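Notes to accompany the following structure.
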Amino acid sequence: MPLNIFQDKDGLPRIILTEPKGSSAEVLLYGGQIISWKNHRKEELLFMSSKANKKQHKAIRGGISACLARFGDLSSLEQHGFARNRMWSLDRDPSPLPPLDNQSSVDLILKSTEVDLKTPCSFEFRLRISLNAGKLILIPRVRNTANKAFSFSFTLCNYLSVSDISEVRIEGLETLDYFDNLLNRSRFTEQADALTFDGEWYGIPGVRRPRLSLIWEMMITRS
């Protein structure tokens, strides 16, 4: 399907994806960030903070953002990395991926520049965002363009719109060690088979598990 690209009121290039069933998604080239995902009933599924700043060089709070080359603020690099604070480009030569019927997609690319020289890597970061009925699929790929290996962390930080947090359950995190950012980064081990919430919660994992492929963060707040 052809891409619908326009400049929004903040002067940022915006891409709108639609599919025949009626769902839609909006993507900014700034940060490669998804700022809207609506189902076929036009209900917004992502949370965008009323304090979200859409000016360049500032991270946008909400939606789905890509955090590379680190996550959190536990090293000397930018908090949550630099990918979310850079202007991405449309990928004119994307890697071939299996097509899906009635799928609307966009391929984005971010290349390292002189601005990123303090980062010990040279890379190409590609992100395919695909919209289908009832699905939003993100496929990230990082390519090392240097002559030496480097390590990095990556996550897709999701802000989901939830009407009642008491109805939210997250399963599969038992025995995971994490730091609680609301308690001076005290370390805890999750014991329950399902994580539930009755207020604000902000946890960052401290130890990678062999079967945990993505670093996760979940922040529930009212602002």
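Assess whether residue 162 counts as being over 20 Å from residue 91 (Cα atoms), at pLDDT below 85 and surrounded by 12 or more Cβ atoms within 10 Å (Cβ to Cβ). Let's see the steps before the verdict.
Numbers: over 20 Å from residue 91 (Cα atoms): yes; at pLDDT below 85: yes; surrounded by 12 or more Cβ atoms within 10 Å (Cβ to Cβ): yes.
When the stated conditions are applied, residue 162 passes them.
Residues in the stretch 139-172 that are over 23 Å from residue 105 (Cα atoms) and among the small types (Gly, Ala, Ser): 146, 149, 151, 153, 163, 166, 172.
Looking for whichever is closer than 28 Å to residue 49 by Cα, in a loop (DSSP other than H, G, I, E, B) and in contact with a Phe, Trp or Tyr (Cβ under 9 Å, 6 or more places away or on another chain) here; the options are 131, 173, 136. Which one fits? Walk me through it before giving the result.
Numbers: 131 fails: in a loop (DSSP other than H, G, I, E, B); 136 fails: in a loop (DSSP other than H, G, I, E, B).
Unique residue meeting the criteria: 173.
Residues in the stretch 174-213 that are of a type in the set (Val, Ile, Thr) and loosely packed, with under 14 Cβ neighbours inside 10 Å were compared, and the one that is modelled with the lowest pLDDT is 207.
To keep it simple, each residue is scored yes or no on (1) modelled with pLDDT of 85 or more; (2) surrounded by fewer than 18 Cβ atoms within 10 Å (Cβ to Cβ).
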{"residue": "66", "(1), (2)": "yes, no"}
{"residue": "81", "(1), (2)": "no, no"}
{"residue": "89", "(1), (2)": "yes, yes"}
{"residue": "117", "(1), (2)": "no, yes"}
{"residue": "122", "(1), (2)": "no, yes"}
{"residue": "149", "(1), (2)": "no, yes"}
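The values are calculated or read from the model by the stated rules, or taken from the named source; none is laboratory data. Keep in mind the model is a prediction, meaning the values are calculated, not measured. Cβ atoms come from the backbone with ideal geometry, glycine included; neighbour counts cover every protein chain shown.
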